[in-house]
Each structure stands twice: as C-alpha cells, then as structure tokens.
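Structure record follows, encoded as structure tokens.
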Amino acid sequence: MNEKEVAEIRRRFRPDKSNITCVRGCYVNDKHEIVSEFRQSLALTPQEEAEKLLTILKRTLSGTLGKNLIDIDFATQQVVDSEEHRLLMELRNSALENDEAIQELFQRIVQSLSIEGHYVILLAHDTYDVPYRSKDGEQQGDASSEVYSYFLCSICPVKLTKPALSYYINENAFHNRREDWIVAAPELGFLFPAFEDRSTNIYSVLYYSRDIAEIHPEFVDAVFRCDIPMSAAAQKETFESILGETLADDCSYDVIQSVHDQLSGMIEEHKANKEVEPLVISKGTVEQVLESCGVPQERTVAFSEKYDTEFGSDMAIRPRNIVNSRQFEVCTPDVTIRVNPERSDLLETRVIDGKKYILIRAEEGVEVNGVPIHISERKGQENV
C-alpha cells in the first residue's frame with residue numbers, strides 16, 4: 001500500500017464515515033490469560049466514547065510506510081490452501097460474526113505474543129464503497145468501482161495510571177484521583193486484506209508495529225506464517241555495519257557525508273515530486289553513490305558481496321530506513337555533535353601532530369552553556 005491508500009482508509013475511522021457497527025475484543029491479563037470478552041455496539045455508545053474508540057483503531061494505520069507499516073505478502077500456496085489464510089478470510093467474510101474463528105485468532109495471538117502487562121485485542125469490520133476515480137484522479141460522483149470489505153486488528157496495552165490530586169470545578173475543591181486502567185495506543189496490529197491500487201488484495205496484509213526496533217516476529221509467524229521483512233532499525237544497523245566493514249580505511253567523514261547527502265537528496269526530490277509509490281533504491285544505486293564518492297572499485301565490490309549476504313541481491317531498501325535526512329550526527333565515546341544536515345560542510349577531520357581531531361568551522365553566534373563567547377586567535381584563550 002502507498003501513503004494515499006493508507007490515508008484513504010484512515011479517513012474511514014469516523015462515526016459519519018465508516019460502516020463499523022461494533023467492536024469485538026478481549027481483555028488479556030499479565031499472565032497471558034483471557035479474562036473477559038466483549039462486543040461493543042457503536043450505535044449504543046456515546047458519541048465521544050465511540051470517537052475515541054475509532055481513534056485508537058485508526059492509530060493502527062499510523063506511522064511511516066516501511067518502518068511502522070509493513071507489507072506482508074502471502075505465498076500463492078497459502079492463499080490457495082492454508083489454515084492461516086482461511087482463518088483471515090473467514091473473519092473478513094463473516095464480518096467478525098463467526099465466534100469460532102474469532103476464538104481461534106484470539107488464541108493464536110495470546111499464545112504467541114510476548115509483551116508485558118495487560119492488553120486488549122480489538123477487532124473491527126468495515127465495508128467501503130470505493131469511489132470511482134478517472135485517470136486524472138477526479139472522483140466520479142456516486143460511481144463506485146468496488147466494495148472493499150476488510151477488518152482491522154489492534155493490540156493495545158492497558159496501563160495503570162498513578163493516583164494524583166485533582167481539582168473539581170463543580171465542587172470547588174481538591175480530591176484524590178484514584179489510579180485507574182486506561183487503554184493506550186496500539187502496540188501492534190494489522191489490516192486485512194490490503195488495499196492496493198484502491199482495490200482488494202487478499203495476497204497481502206498491512207502490518208503495524210509502534211516500535212520499529214521490536215516488530216514481534218513471533219506474532220507474525222503465529223498469525224500469518226510468513227517471513228517478515230527486516231525491520232527498519234535492523235536495516236539501518238546492517239547498512240551502517242556493511243559500510244564500515246567493507247570500506248575499511250576508505251570509510252572517511254567525506255564519504256559518509258556524501259552518502260548521506262545523496263540519499264537525503266533522493267528523499268527530498270521524491271517528496272517534492274509528490275510521488276505516490278514509496279521510494280526504494282537497489283544495491284546498484286548505492287554502488288553508484290559510493291563510486292561518485294571516490295571509493296576504490298575493490299571496496300565497492302566488497303560492499304556488493306556483503307550486501308548480497310546480508311540483504312539478498314534482489315532486495316531494494318528504502319532510503320528513509322537507513323538515513324535521517326533531517327539529522328546529521330558525529331559521535332565519539334565522550335562527545336556527540338549534531339549538525340544541520342545542510343551545513344555538514346562546517347565539519348572536517350584532520351590529523352595534527354599525530355592526533356585525530358574533528359574540526360568545526362565557527363563563525364558568528366558561538367555560545368557555551370548559553371553564554372556568547374569570543375574565540376581568540378591565541379591558542380587556549382577565550383574572552384566572554
């Protein structure tokens with residue numbers, strides 16, 4: 001799914017937009033036991049509470065594609081004949097009315113998911129009469145291209161608030177507010193089937209994880225029986241490791257600065273062009289970037305071989321997963337320097353009298369602990 005398609009479905013989660021009539025779910029305690037199940041009718045729920053419930057569900061479709069939102073594809077054989085896909089299809093086709101299928105999903109989640117504390121599993125089914133759009137992107141009145149039937153699963157931690165002193169306006173008095181359990185934003189969840197090319201795709205599911213470093217592969221294996229793509233955090237760590245290991249002595253400040261600038265430039269250009277599909281780059285693109293930085297051919301070949309080993313020769317990666325275009329950081333064990341990415345030219349590295357230095361060209365407006373200072377030409381002397 002692309003950003004526009006995700007946004008189109010997100011807009012459904014309003015009382016006046018969706019066809020969601022009820023939310024089903026269960027409450028799981030810290031011993032991984034289902035202690036209660038519920039069926040909440042939105043029609044009988046006060047509007048404010050219904051809106052908050054839909055807002056929580058909608059957050060399962062938040063975050064960045066490729067980082068928090070990950071496309072997981074089923075193999076053709078799974079779609080033809082597999083327990084996991086039949087279960088998802090039955091949940092969708094029954095509009096969450098098949099109690100046996102719901103129990104099966106609950107058990108798969110509870111028995112596999114390794115998160116601490118209490119949580120709730122929320123399920124909501126919706127049907128979307130997809131408006132027809134012409135080639136120029138304009139909607140054609142009440143014309144419809146198809147009815148997209150889908151369900152959303154959200155897994156939300158339930159957290160205990162701390163007791164506090166509260167002021168009650170009506171009583172004009174202070175009272176203790178007792179601790180209470182509240183439903184937090186989703187930790188993970190999924191949308192099935194995917195909505196691709198503004199149409200139903202039963203071969204794919206959109207998976208959500210709030211924490212890009214912890215995407216719960218045990219959940220994916222239990223529910224989908226699929227290999228989950230490498231997480232964004234793992235991609236970044238692996239890419240940085242490959243660069244450092246294969247470039248060796250040629251992995252200089254200038255090279256890494258140039259790699260960052262070129263990849264950031266691709267991200268900004270893609271954003272400026274308002275491209276619908278997410279930006280991805282191949283191994284060949286990275287090799288071209290390294291060659292443009294003056295990296296010797298033997299180092300580029302070493303990078304290519306290591307890339308194949310770690311990522312796979314055909315795997316394309318998203319630049320947003322491996323560089324932060326809004327941040328440029330230089331670290332030593334004792335010092336961290338954060339620089340405006342557009343002014344990374346202010347830094348350079350040198351070896352002076354056998355010692356390694358990171359030099360920062362300082363112009364106007366230098367401050368130390370909030371105090372403006374003057375940098376003297378005489379070594380070691382500063383005048384406030």
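The values are calculated or read from the model by the stated rules, or taken from the named source; none is laboratory data. Being a predicted model, the structure only gives us computed values, none of them experimental. When we count neighbours, we look across all protein chains shown, and the Cβ atoms used for this are built from the backbone with ideal geometry, even at glycine.
Summary of values
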{"read-out": "One residue from 10, 39, 14 being among the basic types (Lys, Arg), under 18 Å from residue 102 (Cα atoms) and assigned by TED's automatic domain parsing to the domain that holds residue 149", "value": "39"}
{"read-out": "Residues located in the range 311-342, provided they are surrounded by 10 or more Cβ atoms within 10 Å (Cβ to Cβ), within 17 Å of residue 256 (Cα to Cα) and among the β-branched types (Val, Ile, Thr)", "value": "322, 323, 330, 337, 339"}
{"read-out": "Leading residue by the ranking (surrounded by the most Cβ atoms within 10 Å (Cβ to Cβ)) among those in the range 179-218 that are of a type in the set (Asp, Glu) and under 20 Å from residue 29 (Cβ atoms)", "value": "187"}
{"read-out": "Where a residue in the range 29-42 is farther than 12 Å from residue 125 by Cα and its partner, wherever it lies, is of a type outside the set (A, V, I, L, M, F, W, C) and surrounded by 12 or more Cβ atoms within 10 Å (Cβ to Cβ), with Cβ under 6 Å and at least six apart", "value": "29/118; 30/117; 30/118; 35/27; 35/29; 36/27; 38/25; 39/24"}
{"read-out": "Restricting the range 343-362 to residues that are among the small types (Gly, Ala, Ser) and touching a residue at least 12 places away in the same chain (Cβ under 8 Å), the residue that is nearest to residue 260 (Cα to Cα)", "value": "344"}
{"read-out": "Criterion violated by residue 116 - all others in (1) under 20 Å from residue 34 (Cβ atoms); (2) free of Cβ contacts under 8 Å to residues at least 60 places away in the same chain; (3) surrounded by fewer than 18 Cβ atoms within 10 Å (Cβ to Cβ) satisfied", "value": "(2)"}
{"read-out": "Odd one out for residue 129, checked against (1) assigned to a loop (DSSP other than H, G, I, E, B); (2) without any contact (Cβ under 8 Å) to a residue 40 or more places away in the chain; (3) acidic (Asp, Glu)", "value": "(1)"}
{"read-out": "Pick from the range 259-284, criterion crowded, with 16+ Cβ neighbours inside 10 Å and more than 22 Å from the chain's Cα centre (by Cα), ranking: nearest to residue 315 (Cα to Cα)", "value": "283"}
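Yes/no per residue for (1) touching a residue at least 40 places away in the same chain (Cβ under 8 Å); (2) part of a loop (DSSP other than H, G, I, E, B); (3) in contact with a helix residue (DSSP H, G or I) (Cβ under 9 Å, 6 or more places away or on another chain):
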| residue | (1), (2), (3) |
| --- | --- |
| 166 | no, no, no |
| 171 | no, yes, no |
| 185 | yes, yes, yes |
| 214 | no, yes, yes |
| 228 | yes, yes, yes |
